[in-house]
Amino acid sequence: MTEKLRLDKYLWSIRVFKTRTLAATACDHGKIKCNGSPVKAAKNVSVDDEYEVKTDARRWRIKVTGLLHGRVKYEEAIKYYIDITPSEETERLQFQATVFYIGKRKTKIGRPTKKQRRDMNDFLEDQ
């Protein structure tokens, strides 16, 4: 007899999604694929399945190595899947993180300090 485990619960337990609701919503919107076709949240997961997962941050390709029924810490969760994401995708993520800094202050981090304000004023006066 094989064990049954829903796809949304599996993705939540291996910490791909923060909540099970987010995992189910991703399935409903077609962001989880198995063999190129979208799958539903209620699909049973089995060992050696491969899934393409598209999140806001990145695209994953994972291969199931074991079934995990509850959420555990990250160090334990990574033992239940293999990340087979192509190297081009991981390189693209690293490139995005390093290249696109435009020099503006980030919003909602507080007011500038007195020194930062002086530096901005000096810069604007020189223009």
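Once you charge only the Cβ atoms, +1 for Lys and Arg and -1 for Asp and Glu, what is the size of the charge dipole of the chain about its Cα centre, to the nearest 20 debye?
For this selection, approximately 720 debye.
Near Lys54, within a Cβ-to-Cβ distance under 12 Å, what is the net charge of the other residues, with Lys and Arg +1 and Asp and Glu -1?
+2
For the cross-link pairs Lys40/Lys79; Lys33/Lys79; Lys4/Lys31; Lys43/Lys79; Lys54/Lys79; Lys54/Lys115, which exceed 32 Å when the distance is taken from alpha carbon to alpha carbon?
Lys54/Lys115
Which of these values of Kirkwood radius over Cα pairs in Å was calculated from the structure shown: (i) 15.2; (ii) 17.4; (iii) 17.0?
Looking at Kirkwood radius over Cα pairs in Å for this model, the match is (ii).
If I take R0 = 35 Å and measure r between the Cβ atoms of Phe123 and Arg92 in this structure, what FRET efficiency does the formula 1/(1 + (r/R0)^6) give, to the nearest 0.05?
0.55
Excluding Ala42 itself, calculate the net charge of residues whose Cβ lies under 13 Å from the Cβ of Ala42, where each Lys or Arg counts +1 and each Asp or Glu counts -1. It would help to have the intermediate numbers written out before the result.
On the way: positive: Lys4, Arg6, Lys9, Arg20, Lys40, Lys43; negative: Asp8, Asp28.
Charge balance in the 13 Å sphere: +4.
As an exercise, use a Förster radius of 22 Å and the Cβ-Cβ distance of Asp28 and Thr55 to find the FRET efficiency, rounded to the nearest 0.05.
Values: r = 14 Å, r/R0 = 0.66.
Rounded to the nearest 0.05, the efficiency is 0.95.
May I ask you to compute the full-extension gain from Lys40 to Gln116, defined as 0.36 nm times their residue separation minus their alpha-carbon distance, rounded to one decimal in nm?
Between Lys40 and Gln116, full extension yields 22.2 nm more.
Only the coordinates and a few stated rules stand behind these numbers; no lab work does. Nothing here was measured: the structure is a model prediction, and the numbers come from that model. Cβ: placed from backbone, ideal geometry, glycine included. Neighbour counts: every protein chain shown.
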